[in-house]
Amino acid sequence: MADGVLESGVVYWFFRPKIGIEEAKSIDDVQKFYMLLAPSPSLDNPRDGVHSTTSTKRLLILGNKKLPAVKEKGHGRVWGFVDAVSNKIEEFEETLGAFTYQTKTRGERHVQAVRVVGEGIYKFIRHQRRVSFAYVLEVPAEPTEVQLSFNVVKEASYIISIKNPHMPGPQGRWGPGQKADVPPAVMKAFEGVRVEDKKWITADPPGLLNHAHLEVLFIGESDNLADKFADIGRALEEEERTDAELAQKDLDQGYCTKQSCEPLEGQWK
């Protein structure tokens, strides 16, 4: 299969403070770190998918509460899983919003709404028989201490792999809590001598991620997209320069009307 762009879209990052903490002051006060992917029907215009109902949006939760580092020796690795999928981005608002619940020992507990960490544009790129997730940060224009705490840098790419849902994990390991319900047609991608023999596959096509509770692995790859992907990387950087104003408008009219956006200005909240 030829190298090239498999999917283009908009990516958002959010964090939720720990229960009982009104305002986060560092990553130590963070309970969960989310990444929301809104793929576009068009490879040429990544923003077309934000309010379209023709593409499946994916809400992921990332372990370690951050993206993997891209400059560590051996490259950083972060586990994650697909928490929810929907054709309508508005359907994630309840998941990302504030809510309360009752406990027997502590009574009513209040969970804070998520805070917006950033927004950017992304591409899934087939490159040298692997698939990479590459993004450029648009809002804020440059990462502050808040974004860098989550390893959200100006631009980066990660090799992304999907775990076979038939493969068991260690007992008690952090994860989705239930097995992904994957149709047989998708499970064919894992076929080896037996389905159970193939533990990981690359995210090709990215639509394999359109199933809740699938586990994924991100491996840090590069923080220079032009060097790594040549013309494709340079094109993504150029899209960011022309799209940044639309990204800010999108946030102002969307998530920033419902969730705290102080982290975009470098303020923990």
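The values are calculated or read from the model by the stated rules, or taken from the named source; none is laboratory data. Nothing here was measured: the structure is a model prediction, and the numbers come from that model. Glycine gets a Cβ as well: all are built from the backbone with ideal geometry, and neighbour counts include every protein chain shown.
Points worth noting:
- Residues of region 85-97 satisfying the condition of being within 20 Å of residue 162 (Cα to Cα) and buried (at least 17 other Cβ atoms within 10 Å of the Cβ): 85
- Residue within region 103-125 that is closer than 16 Å to residue 14 by Cα and in contact with a Cys (Cβ under 6 Å, 6 or more places away or on another chain) present: yes
- Filter result for the condition that a residue is among the basic types (Lys, Arg), in a loop (DSSP other than H, G, I, E, B) and either at pLDDT below 80 or out of contact with any helix residue (DSSP H, G or I) (no Cβ under 8 Å at 6 or more places or on another chain) (or both), over 188, 179, 249, 228: 179
- Residue list for region 202-219, filter: over 14 Å from residue 56 (Cβ atoms) and either assigned to a loop (DSSP other than H, G, I, E, B) or modelled with pLDDT under 80 (or both): 204, 213
- Note on region 9-64: residues that are more than 19 Å from residue 90 (Cβ to Cβ), surrounded by fewer than 20 Cβ atoms within 10 Å (Cβ to Cβ) and either out of contact with any Pro (no Cβ under 9 Å at 6 or more places or on another chain) or among the basic types (Lys, Arg) (or both) amount to 16.
- Which listed residue is in a strand (DSSP E or B) and modelled with pLDDT of 85 or more, from 70, 82: 82
- For residue 199: the one exception among (1) more than 14 Å from the chain's Cα centre (by Cα); (2) closer than 18 Å to residue 79 by Cα; (3) at pLDDT 90 or above: (3)
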